[in-house]
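Asks: Below you will find the structure I want to go over with you.
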Amino acid sequence: MKLKDKVVIITGAGQGIGKMYATKLAQEGAKIVIAEINLDNANAVAREIEGQGGDVLVVQTDVSDEKSTQKMADETVKAFDRIDVLINNAAIYYGIGFKPYDAISVEDWDRLMAVNVKGSWLCIKAVVPQMKKQKKGKIINVSSATWLMGIPYMLHYVTSKAAVVGMVRAISREIGEFGININAVSPGLTMTEASLTLPGQPPNLDKMISEQTAMKRNEQPEDLVGTIIFLSSDGSDFITGQLINVDGGWALH
């Protein structure tokens, strides 16, 4: 077990890729904290992990709210005495659709930025004090290859995912001396319900992108697990401030 007894907070772990991170990292021995706004979803994932013999805590969390993210950190320390890993996975993506830059409303822009960018920052602020006490910690921000590719008609989403990489690079300079690593993972178009049902997407988008990758296949959620486990483990102790592309060779940078 590569993550035995490590305490891992995963935001947005009640569904999609976040759920997969939670279940797979639990299988590696991690104690999982599901930080999720939807309690029904969170509790369902928790039952699945407990059914496999895992140790799990559910904390209802709105990542865009500072009091909520602080409660997330406090409840984690209360239950497990430490915070080893934060995975900033929560994001608005499902159903955002493809639309021109000038058709995005200010309300939609602000709502997406509040979760995708401010949410990551608030969660980092909440966990770093505990990680400083421990003199060790791992933070993983989930970005996207969309900003490396300059994908059109998703400007607010693409911009938010570029922002989290800038956040990683800047914060790495501030927290590295305390033994805290922060990195970003950049998936390509991953075959999830959210990706496959985006309104307004071009016909055969999945086929088009699979042909553009070096691996000549579509990305599956499981393709991300190995990198997430590595960045959560002691094996990545001297890697920080980096963007790791896990997209089958779609965005070669």
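The values are calculated or read from the model by the stated rules, or taken from the named source; none is laboratory data. Everything numeric in this text was worked out from a predicted model, so none of it was measured. Cβ sites come from the backbone with ideal geometry, for glycine too, and all protein chains shown count toward neighbours.
Asks: Provide a single number: the residues in the range 193-245 that are closer than 15 Å to residue 24 by Cβ, under 15 Å from the mean Cα position of the chain (by Cα) and surrounded by 13 or more Cβ atoms within 10 Å (Cβ to Cβ).
Replies: Here is the first cut: in the range 193-245, the residues closer than 15 Å to residue 24 by Cβ are 220-233.
Add one more test, that the residue is under 15 Å from the mean Cα position of the chain (by Cα), and what stays is 221-232.
From what's left, surrounded by 13 or more Cβ atoms within 10 Å (Cβ to Cβ): 221, 223-225, 227-232.
Residues in the range 193-245 being closer than 15 Å to residue 24 by Cβ, under 15 Å from the mean Cα position of the chain (by Cα) and surrounded by 13 or more Cβ atoms within 10 Å (Cβ to Cβ): 10 in total.
Asks: For the range 1-70, which fully contained strands (runs of 3 or more DSSP E) count at least 1 residues that are closer than 17 Å to residue 222 by Cβ?
Replies: Numbers: elements: 7-11, 31-36, 56-60.
Answer list for the range 1-70: 7-11.
Asks: Would you point out the residue of the range 102-139, among those that are part of a loop (DSSP other than H, G, I, E, B) and in contact (Cβ under 8 Å) with a residue 40 or more places away in the chain, that is surrounded by the fewest Cβ atoms within 10 Å (Cβ to Cβ)?
Replies: Of all residues in the range 102-139, those part of a loop (DSSP other than H, G, I, E, B) come to 104-105, 135-136.
Retained after the next criterion (residues that are in contact (Cβ under 8 Å) with a residue 40 or more places away in the chain): 104, 135-136.
Numbers: 104: 18, 135: 10, 136: 15.
Top of the filtered list is 135.
Asks: If a residue has to be within 22 Å of residue 251 (Cβ to Cβ) and in a loop (DSSP other than H, G, I, E, B) to count, how many in the range 162-190 make the cut? Don't jump to the end; show me each part of the working.
Replies: Step one: filter the range 162-190 for residues within 22 Å of residue 251 (Cβ to Cβ), giving 162-170, 172, 182-190.
In the following step, the residues that additionally are in a loop (DSSP other than H, G, I, E, B) were identified as 188-189.
Number of matching residues: 2.
Asks: Would a scan of the range 140-156 turn up a residue that is exposed (fewer than 14 other Cβ atoms within 10 Å of the Cβ) and closer than 26 Å to residue 241 by Cβ? Spell out the reasoning first.
Replies: Restricting attention to the range 140-156, the residues satisfying the condition of being exposed (fewer than 14 other Cβ atoms within 10 Å of the Cβ) are 150, 152.
With closer than 26 Å to residue 241 by Cβ added as a condition, the list becomes 150.
The answer is yes, given that some residue of the range 140-156 is exposed (fewer than 14 other Cβ atoms within 10 Å of the Cβ) and closer than 26 Å to residue 241 by Cβ.
Asks: Among (1) in a helix (DSSP H, G or I); (2) out of contact with any helix residue (DSSP H, G or I) (no Cβ under 7 Å at 6 or more places or on another chain), there is one condition residue 95 misses while meeting the rest; what is its number?
Replies: Result: residue 95 fails condition (1) only.
Asks: Checking residue 194 against (1) assigned to a helix (DSSP H, G or I); (2) more than 21 Å from residue 16 (Cβ to Cβ); (3) at pLDDT below 95, which test does it fail?
Replies: Only one criterion is unmet by residue 194, namely (2).
Asks: Which number in (1) surrounded by 16 or more Cβ atoms within 10 Å (Cβ to Cβ); (2) farther than 24 Å from residue 33 by Cβ; (3) charged (D, E, K, R) marks the one condition that residue 82 misses?
Replies: If we test residue 82 against (1) surrounded by 16 or more Cβ atoms within 10 Å (Cβ to Cβ); (2) farther than 24 Å from residue 33 by Cβ; (3) charged (D, E, K, R), just (2) comes out false.
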